[in-house]
Amino acid sequence: EAQVTQNPRYLITVTGKKLTVTCSQNMNHEYMSWYRQDPGLGLRQIYYSMNVEVTDKGDVPEGYKVSRKEKRNFPLILESPSPNQTSLYFCASSPRAKETQYFGPGTRLLVL
Amino acid sequence: AQSVTQPDIHITVSEGASLELRCNYSYGATPYLFWYVQSPGQGLQLLLKYFSGDTLVQGIKGFEAEFKRSQSSFNLRKPSVHWSDAAEYFCAVGAGSSNTGKLIFGQGTTLQVKP
């Protein structure tokens, strides 16, 4: 089944403890992206990747890192999480930029 | 700046009634537009999209949307709502240069369906 998977689905952590949220797609898509969803704000793009080893900042990149070493994986790294990064995170992929993006199930993160 | 506005944060309709969710966008060039639905605890599912051509697009689950360039709108409609349609609906516009692929989302509209 074609899908985007994220792990973990739920995570509670404390301020400053590094964490990684994994994202994987099995559709051979070139484009991948991370969004965060906050009440009343919709979804905002954090980072995106056009292809392997090609990443760039979205609208809200502060406090996040990404890497794209393989086409199928696009992990989101929080080096030193803070409470304002408490949010619902979505990974998405598409064959190329400007095409339909397919979303993962989301990761709900709580930073205490 | 590019933006998407969904004027209705919350809408309640009776089962079987018609539905229209509003979406207005601000974008300098020809946009490409999407409607996604998010059921509680779920990810986003694509309902329909507009890239070009016929301005009335059909989607899944009986939804349709009409692109009106003169009004900068892309409203979502359904003639008869089912209880399972209760969810949050997001309108999104493809923005930026052809290399970013960024989607700009509206704030979302929560649909409640009364029995």
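Where both bridge residues fall in chain B, DSSP classifies roughly 85% of the beta bridges as antiparallel. Name the residue from A:PRO39, A:MET27, A:GLY16 whose Cα lies farthest towards the positive end of the charge dipole of chain A, charges +1 on Cβ of Lys and Arg and -1 on Cβ of Asp and Glu. Of A:PRO39, A:MET27, A:GLY16, it is A:GLY16. Cα-based values for segment B:63-115, radius of gyration first and Dmax second, are 14.0, 46 Å.
So which aspartates and glutamates pass the test for A:LYS69, namely a Cα distance under 16 Å, with those fewer than 8 places away in the same chain ruled out? The qualifying aspartates and glutamates are A:GLU30, A:GLU53, A:ASP56. Note on segment B:13-27 and segment B:50-69: Cα centroid distance 13 Å, given to the nearest whole angstrom. Summarise the accessible area of chain B (1.4 Å probe, protein heavy atoms) by the percent that is carbon and sulfur. Roughly 48 percent, rounded to a whole number. Solvent-free Debye calculation, one equal scatterer per alpha-carbon of the protein assembly as shown: log10 I(q)/I(0) at 0.08, 0.10, 0.16 Å⁻¹ equals -0.29, -0.45, -1.11. Contact residues in segment A:82-112 (at least 40 Å² less accessible area with all protein chains than alone, 1.4 Å probe): A:LYS98, A:THR100, A:GLN101, A:PHE103. Ranking B:GLY108, B:ASN24, B:VAL37 by how far each Cα lies toward the positive end of the dipole of chain B (charges on Cβ) leaves B:ASN24 at the top. A simple spin-label model places the labels of B:ALA1 and A:ARG96 3.0 nm from each other, with each point 7 Å out along Cα-to-Cβ. How fast does chain B diffuse by Stokes-Einstein, in µm²/s, taking the Kirkwood radius from C-alpha pairs at 37 °C and 0.692 mPa s? For the chosen part, D equals 230 µm²/s. Here the calculated FRET efficiency for A:GLU53 and B:SER39, from their Cβ-Cβ distance with R0 = 41 Å, stands at 0.70, rounded to the nearest 0.05.
Protein heavy-atom accessible surface, 1.4 Å probe, per residue over the protein assembly as shown: 47 Å². Report the accessible surface area buried between chains B and A, summing both sides, using a 1.4 Å probe on protein heavy atoms only, in Å² rounded to the nearest 100. Looking at B and A, the buried total is near 1700 Å².
Note on B:87-93: average number of Cβ atoms from other chains within 10 Å of each residue's Cβ is 1. Restricted to Cα atoms, chain A shows a radius of gyration and a Dmax of 13.0, 37 angstrom.
The values are calculated or read from the model by the stated rules, or taken from the named source; none is laboratory data. What you see is a predicted model; the values in this text were computed from it and never measured. Reconstructed Cβ throughout: ideal geometry from the backbone, glycine too, with neighbour counts over all protein chains shown. Areas reflect the complete protein model, heavy atoms only, side chains present, ligands, DNA and RNA absent. Shrake-Rupley method; radii C 1.70, N 1.55, O 1.52, S 1.80 Å.
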